[in-house]
Amino acid sequence: MEGRDLDRTCESTPNEGAESFLLLNSADALQYLTIDEVMQICQQFQGSKWHRNSQVMWSGIPREHAQRWADEREMATLTTAMGPLMIRTNPLCLREHKSAKAWKKYIKGASALFAWHISRGEKVIVLSRPPPQRFNPSGRTTYQGIEEPILKGGEEVGTGVRIEMVHPTVEGAENFHYQIWPVDDTHTWITKFGMLAQGALKEKEALKEKEALKTKEALEEKEALKRKEALKVKKALKKKKALEEKEALKRKEALKAKKALKKKKALKAKKALKKKKPLEEKALEKKALKRGG
């Protein structure tokens, strides 16, 4: 199907637009989405909800940062464009009905559809880190592996969409756009912000090192405090043990003294009894003699 025919089909009905997408990108679409899912997402990307040339893609920066940048400029990321299909509490959202792996595949399919609809326009903005390392060297991000190839189209087909870059992580460059496709104007960025980007990168690295050092110091302080507490507990245990041993020895000595006293009293009583017996016997004899005389 040629690009002009696809445009006419996409503008007719949502379902026909989804079928057109399947014809052009059937392998990718069916790899990630069911036909019903494609049609549902296509409906979301059409009509008054879709503002031509107002879409934002992103790669290599925090999602929250990209979303905030787009919201402030009344532009749409994939999350914005999907609307209720991305809100977990909405009945139209399939998130609660899919596993984490299945949801990831669904988002990849939605990204492919998003890119296809964008490619029908004239331009798209992509947010990323600044040159020279704009994208992940692995090339395996959703933007690099799915969205960008659809935006560019094949060598024979092409799409005519202009890809513009913005690097919002560099202070002062949040609103500077430059083209990288079909013409690469990266030199305009380097001319204006090259040194600034390098400075920001160095500052970021310095901040990272500072944070790492701070974290290290905090951990060392925590470990030192831990050791101090452990030593304190050890000393307390040692003191407690010494006191317990002292108390035990005291009780032992007291018991020993008690036994000795008891023994001493018993011996004294025995001696007294021994001494008393002859006296009593002598008194009895004397008494007997007195009665007999």
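The values are calculated or read from the model by the stated rules, or taken from the named source; none is laboratory data. Given the structure is predicted, the values throughout are model-derived calculations rather than measurements. As a convention, Cβ positions derive from the backbone with ideal geometry for all residues, glycine included, and neighbour counts pool all protein chains shown. Ligands, DNA and RNA are excluded from the accessible area calculation, which covers all protein heavy atoms including side chains. Shrake-Rupley method; radii C 1.70, N 1.55, O 1.52, S 1.80 Å.
Values computed for the structure shown
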| item | result |
| --- | --- |
| Only Lys, Arg (+1) and Asp, Glu (-1) charged, at Cβ; segment 29-73 dipole about Cα centre in debye | 180 debye |
| THR186 accessible area, 1.4 Å probe, all protein chains in place, Å² to nearest 10 | 20 Å² |
| Accessible surface ranking that places the most exposed of TRP69, TRP103 first, with a 1.4 angstrom probe | TRP103, TRP69 |
| Förster radius 51 Å - calculated FRET efficiency between LYS239 and SER138, Cβ distance, rounded to 0.05 | 0.30 |
| Long-range HN-HN contacts of MET57 with modeled amide H, under 5 Å | ILE125, VAL126, LEU127 |
| LYS258 paired with GLU285, simple spin-label distance in nm, labels 7 Å along Cα-to-beta-carbon | 4.4 nm |
| With DNA, RNA and ligands ignored, accessible area of ARG73 (1.4 Å probe; Å², nearest 10) | 70 Å² |
| Trypsin sites (Lys or Arg not before Pro) within segment 84-188, DSSP loop, no more than 12 other Cβ atoms inside 10 Å | ARG88, ARG140 |
| Largest-first ordering by accessible area, 1.4 Å probe, given options SER48, SER54, SER111, SER99 | SER48, SER99, SER54, SER111 |
| Dipole magnitude of segment 93-154 about its Cα centre (Cβ charges: Lys, Arg +1; Asp, Glu -1), debye to nearest 20 | 220 debye |
| Net lengthening on full extension, GLN31/THR215 (0.36 nm per residue, minus Cα-Cα) | 61.8 nm |
| Segment 35-88: GluC sites (Glu not before Pro) falling in loop per DSSP and having at most 13 other Cβ within 10 Å | GLU74 |
| Rough spin-label spacing in nm, given labels placed 7 Å along Cα→Cβ, for GLN179 and LYS274 | 12.9 nm |
